Amino acid sequence: MATGVSDEHGGPCGDGSNEVDCNEAVRQLYRYLDGELNDVRRVQISVHLDECGWCGEAAEFEAELRMVVANRCKDRVPEALKDRVAAALRAEATRQDAALDGSAPGGSSTGGSDALG
Ligand SMILES: [Zn+2]
């Protein structure tokens, strides 16, 4: 059961000169966009994206998608979140008020030795 993979068929870019094929390029795409790859790997992926139209388009789409998502997250602060933050701040203020008004732990005791004799 020897399955020697010497030559592969299929794939949009049937060029065996590259070490990176489409599968690998797509798998590494996210890391590539995140800048998590080392220089060698990055160049390999970059070359493939350049040569292979299919992977190049996928990478472009992914990059654009990320930008859209990032912009949306920056623009919009959900009203519900604002409400929760405001409520939390109010609750915190109330709690501090109660603590000050209530019985303070340990009054001012300056040298009160009345036991131990
Ligand atoms: Zn490709």
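Somewhere in segment 39-57, is a residue outside any helix (DSSP H, G or I) and surrounded by 10 or more Cβ atoms within 10 Å (Cβ to Cβ)?
yes
Among VAL26, VAL20, which is the only one that is modelled with pLDDT under 90 and within 16 Å of ALA58 (Cβ to Cβ)?
VAL20
The values are calculated or read from the model by the stated rules, or taken from the named source; none is laboratory data. Quick caveat: nothing in here was measured; it's all calculated off a predicted structure. Backbone-built Cβ (ideal geometry, glycine too); neighbour counts: all protein chains shown.
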